[in-house]
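Report on the structure given below.
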Amino acid sequence: MSENIENNRQSKSKDATTIQAATEVLEGQGKRGLLARLMPFLGPAFVASVAYMDPGNFATNIQGGARFGYMLLWVIVASNLMAMLIQTLSAKLGIATGFNLAEVCRAEFHKSIVIGMWILAEIVAMATDLAEFLGAALGFQLLFHIPLLWGAFLAAIATMIILSLEKYGFRPLEAVITALVGVIAGCYLIETFIGRPDWGAIAYNAVIPQFSGTESILLASGILGATVMPHVIYLHSALTQGRIITRDPAQLKKLYRFEIIDVIIAMGAAGLINAAMLIMAASTFHYAGMSEIASIEEAHRTLTPLLGKASSWIFAISLLASGLSSAAVGTMSGQVIMNGFIKRKIPITVRRLVTMLPPLIVIAIGLDPTRTLVLSQVILSFGIPFALIPLVMFTSKQNIMGVLVNHKITTLAISVVAGLIVSLNIFLLYQTFLGD
C-alpha cells in the first residue's frame, strides 16, 4: 500500500515537473535547447494518433496495397494532411476554452440535441472499441496460436493495466501509448525493408492522384472516409484542456504553436505507418500475383512463405500493439464523451467490461473478425458529421476561441475538408446498404 502511494506521488511529481517546465518556456524563462523546450508539450497528439493506426486501418491498407499496388498511396498522404488539420483544431479548442468538444456542445446546443449527440457518440465509441478490441485479440491469436476468445480476455486484462496508469498522472499513460506507437512504427519499418519496395514508384504514387476503375475509387473512399475518428476528436480536446493552463493571450498563442509541432510529429508518424502498411502489402502481395488478399489472417499466413517466419511475427506484434493502444484510447474517449455531454462518469473498469461484451459475443458466435472490423467502420461513419461540423463551428467563433479563433483561410480549408469527408462517408454508407 505504502509503495503504491509513493509511486503515485512520484508520478504526480513528474506531471508537476512537466507543467513547471512548460510554464517556464511559455514565460521565456531560462535558456533551453530546442528539444528541451519542446519536450513538455509533446504527448497529447501521440495519444490521439493511435486512432489513425488501429486494426481497422490494417484491413483497409492491406486490401488497398494487395489489390492496387502503390496506386493509392496518395490517398494516405491526403488523408494524413486532413487529419493533421482536424486534430490541430481539436487541440486548439481545448487550449483556448479550457473545455473539451463534448462540453462545448453541451453549453452551446439545446438539451435534446445534446442527448441525441451523446447517444450517437456512445454508439460510435463502442463500435470503434469493438474494432480495436478484436484487433488486439487477433494479435494475441496470431502471435501465440491461442483461441480467439482467450485472446480477447488477455486483451481485456492488458488494456485494464494500461488504463490503470491514468491515476498516476498524464505522463505515464502518454509514455506507454507513445512506446506502443514506437513498436508499431518499428515493426513496419522492418517489414517495409524486408519487402524491398520500389522507392521510385512509391515517390511517384505518393503525390500523383490516380484510379483504376470503380473498385479503386470505392477503396480510396474507404481509406479517406475512415480518416476521421469521431471519438478521438472529442478526446484530443480533452487531453489539452487542462494539461497546461494559461489565459495570457501571448502565451496561448505560443502554447498553440507547440501543440502544432506535437500534432505534426505524431500524425506524421501515423501517416508513415499507414503508408508502410500499404507499401508492405503492395510489394509483398500485389507484385507477387496475390492481389486477392482480403483479411488480416490471410496476410499474416501468407507472409511466412514470402518473406520468412520473422516477418509474420513482426506483423502480429504490430497488430497487437495497435489493438492494445487503440483499445485504451477508445475507453478514455468514452469517458470524455459521457462526462462531457451529460456530466456523468462511471468507473473505467465498468466501462471496459461493458465494451468487452460486443467483441466477446462476436467471437463466441463465430463471426469473421475482419468482416466485423469493416462493419464497425460503417457504424463509425454515422458519427463523423456530429463531431466534425461542431468543431468547425466552434473554432470559427470569436466569442468561444478568443485570440485563437480560426483565420478565414483556416475556416475555408477545414470547411472544404469536412464537406469532402462527410460526402465520402455518405457515399460509403450508400454503397454499403444500397449499392450494387
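Remarks
- Near pairs, Cβ below 6 angstrom, 6+ apart or cross-chain, from the range 380-400 (at negative phi and crowded, with 24+ Cβ neighbours inside 10 Å) to any residue that is among the hydroxyl-bearing types (Ser, Thr, Tyr) and in a helix (DSSP H, G or I): Leu380/Thr128
- Within the range 70-90, the set of residues being in contact with an Asp or Glu (Cβ under 9 Å, 6 or more places away or on another chain) and either surrounded by fewer than 24 Cβ atoms within 10 Å (Cβ to Cβ) or within 25 Å of Ile260 (Cβ to Cβ) (or both) comprises Thr88 only.
- Number of residues in the range 98-122 that are part of a helix (DSSP H, G or I) and either within 30 Å of Ala310 (Cα to Cα) or not aliphatic (A, V, I, L, M) (or both) equals 9.
- Here is the figure for the range 211-268: residues that are charged (D, E, K, R) and more than 30 Å from Thr23 (Cβ to Cβ) total 1.
- Residue check for Tyr188: closer than 17 Å to Ala275 by Cβ and either in contact with a helix residue (DSSP H, G or I) (Cβ under 8 Å, 6 or more places away or on another chain) or not β-branched (Val, Ile, Thr) (or both): yes
- Odd one out for Arg196, checked against (1) over 26 Å from the mean Cα position of the chain (by Cα); (2) free of Cβ contacts under 8 Å to residues at least 12 places away in the same chain: (2)
- Of all residues in the range 308-337, those satisfying the criterion of being of a type outside the set (A, V, I, L, M, F, W, C) and either surrounded by fewer than 24 Cβ atoms within 10 Å (Cβ to Cβ) or under 12 Å from Glu122 (Cα atoms) (or both) are Gly308, Lys309, Ser311, Ser312, Gly330, Thr331, Ser333, Gly334, Gln335.
- Candidate set from the range 1-37 (those that are among the small types (Gly, Ala, Ser), modelled with pLDDT under 70 and under 19 Å from Ile244 (Cα atoms)); member that is surrounded by the fewest Cβ atoms within 10 Å (Cβ to Cβ): Gly30
- Of the residues making up the range 329-361, those that are part of a helix (DSSP H, G or I) and among the basic types (Lys, Arg) number 2.
- Here Leu353, Leu375, Leu388, Leu324 are screened, and the one residue that is within 16 Å of Gly135 (Cα to Cα), at pLDDT 70 or above and of a type in the set (A, V, I, L, M) is Leu324.
- Any chance Ile265 is in contact (Cβ under 8 Å) with a residue 24 or more places away in the chain, among the hydrophobic types (A, V, I, L, M, F, W, C) and assigned to a loop (DSSP other than H, G, I, E, B): no
- Residues that are modelled with pLDDT under 65 and β-branched (Val, Ile, Thr), drawn from the range 275-316: Thr302, Thr304
- When the residues of the range 151-182 are filtered to those that are in a helix (DSSP H, G or I) and in contact with a Lys or Arg (Cβ under 8 Å, 6 or more places away or on another chain), the one that is surrounded by the most Cβ atoms within 10 Å (Cβ to Cβ) is Thr159.
- Qualifying residue in the range 123-134 (condition: of a type in the set (Val, Ile, Thr), part of a helix (DSSP H, G or I) and buried (at least 24 other Cβ atoms within 10 Å of the Cβ)): yes
- Residue pairs whose Cβ atoms lie under 6 Å apart, separated by 6 or more positions or on different chains, with the first residue in the range 23-44 and touching a residue at least 12 places away in the same chain (Cβ under 8 Å) and the second acidic (Asp, Glu) and in a helix (DSSP H, G or I), are Phe41/Asp262; Leu42/Asp262; Gly43/Glu174.
- The residues of the range 208-254 that are over 30 Å from Thr395 (Cα atoms) and assigned to a helix (DSSP H, G or I), listed by number, are Thr214, Glu215, Ser216, Ile217, Leu218, Leu219.
- Criterion (touching a His at 6+ places or on another chain (Cβ under 9 Å), at pLDDT below 85 and over 22 Å from Ile260 (Cβ atoms)) met by exactly one of Gly435, Gly383, Gly366, Gly334: Gly383
The values are calculated or read from the model by the stated rules, or taken from the named source; none is laboratory data. Remember, it's a predicted structure, so these values are computed and weren't measured experimentally. With ideal geometry, Cβ positions are generated from the backbone for all residues, glycine too; neighbour counts draw on all protein chains shown.
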